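A.B. asks: This is the structure I want to talk about, given as structure tokens.
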Amino acid sequence: MSNWFLEYANVGITLVIESIEAKALVLPALAGLNLTPCERPQGIAITVNGHHQKWQLIDPESDINQTLTKDGDLLYHLTDRIVYHVANKTEGCHCLHAAAVATNQGAAAIIPAESGAGKSSFTAWLVAHGFHYITDELVLINDATKLVGIARPIQIKTRGLLAIKPLLRENETIIFGDFANAVTVSALGGQFATQNQSLGAIVFPNYSKGAEFLFKQITSADAGMRLMSNHVNARNLEGHGFKGIMETVRNNPCYSLEYGGFDTLPPDFAETFANTVNGRC
């Protein structure tokens, strides 16, 4: 048995890993979380045990005891537990249901979206085109617009696998599951960003089959309402965090992105996107 500690916004979580097989799967897949070994569990303890085709995931604080048969499902539900506890207990900053990437210059883009809007697939495309990965699920941002993210493997639903297949490096594998499939940053030829990035832009993506490409700036009022709909810890903040969110959208350019597939993105869109985040457009 080994204990591995992580902390976000003063929310401490320990992964208690009880089998060799679980350690071999979980630690490499969650390399972006900067897990550190500890002698005994601290904060919230989540236990992982078992072996391939029979994993056990226990989260006593949420009264969860799951048996999972696929590696990808273990990673999906394990990282979901981490995301849940951080969002549930964080009080000092805004938690957003959003992806985030950073440019080579160190400016970050937040990519908020509802489930099914293509957030994770678009994030995979950006990472494969030179952006540094921060998260595909939960962004923590303070009023100084410094952000960190929970850098789990990018979670791609079954319908998105075909779209990202051309992005994968040769001999790289996906960790398959029924709920989602875990794609590592290395499989996309990418790398993790450093934490505490400065916000450069907010982009709201929406994939719709057959849609034409449209990338346009939107008003602060529109962006504020959209961002509040992706705010997951508003109940923990004064005024439900509305003042801080509106200051964020007023001080940063906000865009909407409509697209019908990666083939509808212009050939130079990765460069355009980077320039937008870096503030040169």
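The values are calculated or read from the model by the stated rules, or taken from the named source; none is laboratory data. Please read all numbers here as calculations on a predicted model, not as lab measurements. For neighbour counting, all protein chains shown are included, and Cβ atoms are generated from backbone atoms with ideal geometry for every residue, glycine included.
A.B. asks: Within segment 1-42, work out how many residues are of a type in the set (Gly, Ala, Ser) and either over 19 Å from residue 72 (Cα atoms) or out of contact with any strand residue (DSSP E or B) (no Cβ under 7 Å at 6 or more places or on another chain) (or both).
C.D. replies: The first filter runs over segment 1-42 and keeps only residues of a type in the set (Gly, Ala, Ser), leaving 2, 9, 12, 19, 22, 24, 29, 31-32.
Filter again for either over 19 Å from residue 72 (Cα atoms) or out of contact with any strand residue (DSSP E or B) (no Cβ under 7 Å at 6 or more places or on another chain) (or both), leaving 2, 9, 12, 24, 31.
Residues in segment 1-42 being of a type in the set (Gly, Ala, Ser) and either over 19 Å from residue 72 (Cα atoms) or out of contact with any strand residue (DSSP E or B) (no Cβ under 7 Å at 6 or more places or on another chain) (or both): 5 in total.
A.B. asks: Restricting attention to segment 185-220, report how many residues are in a loop (DSSP other than H, G, I, E, B) and crowded, with 20+ Cβ neighbours inside 10 Å.
C.D. replies: Counting residues in segment 185-220 that are in a loop (DSSP other than H, G, I, E, B) and crowded, with 20+ Cβ neighbours inside 10 Å gives 3.
A.B. asks: Give the residue, chosen from 150, 110, that is touching an Asp or Glu at 6+ places or on another chain (Cβ under 7 Å) and of a type in the set (A, V, I, L, M). Please lay out each step first, then the result.
C.D. replies: Numbers: 110 fails: touching an Asp or Glu at 6+ places or on another chain (Cβ under 7 Å).
Exactly one residue qualifies, and that residue is 150.
A.B. asks: Over 18 Å from residue 28 (Cα atoms), touching a strand residue (DSSP E or B) at 6+ places or on another chain (Cβ under 9 Å), modelled with pLDDT of 95 or more and of a type in the set (S, T, N, Q): does that describe residue 103? Outline the logic, then answer.
C.D. replies: Values: over 18 Å from residue 28 (Cα atoms): yes; touching a strand residue (DSSP E or B) at 6+ places or on another chain (Cβ under 9 Å): yes; modelled with pLDDT of 95 or more: yes; of a type in the set (S, T, N, Q): yes.
Taking the combined requirement at face value, the residue satisfies it.
A.B. asks: Given the conditions (1) within 29 Å of residue 208 (Cβ to Cβ); (2) touching a residue at least 40 places away in the same chain (Cβ under 8 Å); (3) surrounded by 23 or more Cβ atoms within 10 Å (Cβ to Cβ), and given that residue 135 satisfies all but one, which numbered condition is not satisfied?
C.D. replies: Only one criterion is unmet by residue 135, namely (2).
A.B. asks: Restrict the check to segment 17-35 and report whether at least one residue is over 21 Å from residue 186 (Cα atoms), in contact (Cβ under 8 Å) with a residue 40 or more places away in the chain and of a type in the set (Gly, Ala, Ser).
C.D. replies: no
A.B. asks: Pairs needed: first member in segment 205-225, outside the structural domain of residue 244 (by TED's automatic domain parsing); second member anywhere, among the acidic types (Asp, Glu) and not in a loop (DSSP other than H, G, I, E, B); C-beta distance under 9 Å; at least 6 residues apart or different chains.
C.D. replies: none
A.B. asks: Still on this structure, I have one more. Run residue 217 past the list (1) modelled with pLDDT under 95; (2) more than 30 Å from residue 92 (Cβ to Cβ); (3) not aromatic (Phe, Trp, Tyr) and report the number of the one that doesn't hold.
C.D. replies: Evaluating residue 217 over (1) modelled with pLDDT under 95; (2) more than 30 Å from residue 92 (Cβ to Cβ); (3) not aromatic (Phe, Trp, Tyr) leaves (1) as the failure.
A.B. asks: For the condition assigned to a helix (DSSP H, G or I), in contact with a Pro (Cβ under 9 Å, 6 or more places away or on another chain) and surrounded by 17 or more Cβ atoms within 10 Å (Cβ to Cβ), what is the one hit in 276, 272? Give the derivation first.
C.D. replies: On the way: 272 fails: surrounded by 17 or more Cβ atoms within 10 Å (Cβ to Cβ).
Going through 276, 272 in turn, the sole match is 276.
A.B. asks: How many of the residues in segment 261-272 are within 23 Å of residue 222 (Cβ to Cβ) and either of a type in the set (Phe, Trp, Tyr) or at pLDDT below 95 (or both)?
C.D. replies: Of the residues in segment 261-272, the ones within 23 Å of residue 222 (Cβ to Cβ) are 264-265, 269, 272.
Okay, now just the ones that are also either of a type in the set (Phe, Trp, Tyr) or at pLDDT below 95 (or both), so 269.
Residues in segment 261-272 being within 23 Å of residue 222 (Cβ to Cβ) and either of a type in the set (Phe, Trp, Tyr) or at pLDDT below 95 (or both): 1 in total.
A.B. asks: Within segment 165-178, is even one residue crowded, with 23+ Cβ neighbours inside 10 Å and either part of a strand (DSSP E or B) or under 17 Å from the mean Cα position of the chain (by Cα) (or both)?
C.D. replies: No, the conditions are met nowhere in segment 165-178.
A.B. asks: Scan segment 35-77 for residues that are over 22 Å from residue 182 (Cβ atoms) and among the charged types (D, E, K, R) and jot them down.
C.D. replies: Within segment 35-77, 39, 40, 61, 63 meet the criteria.
A.B. asks: Could you check, for segment 42-54, whether at least one of its residues is charged (D, E, K, R) and assigned to a helix (DSSP H, G or I)? Break it down into steps so the answer makes sense when it comes.
C.D. replies: Initial filter on segment 42-54 (charged (D, E, K, R)): 54.
From the residues that got through so far, the ones that are assigned to a helix (DSSP H, G or I) too are none.
No.
A.B. asks: Go through segment 232-270 residue by residue and tally those that are within 22 Å of the chain's Cα centre (by Cα) and on the phi > 0 side of the Ramachandran plot.
C.D. replies: 2
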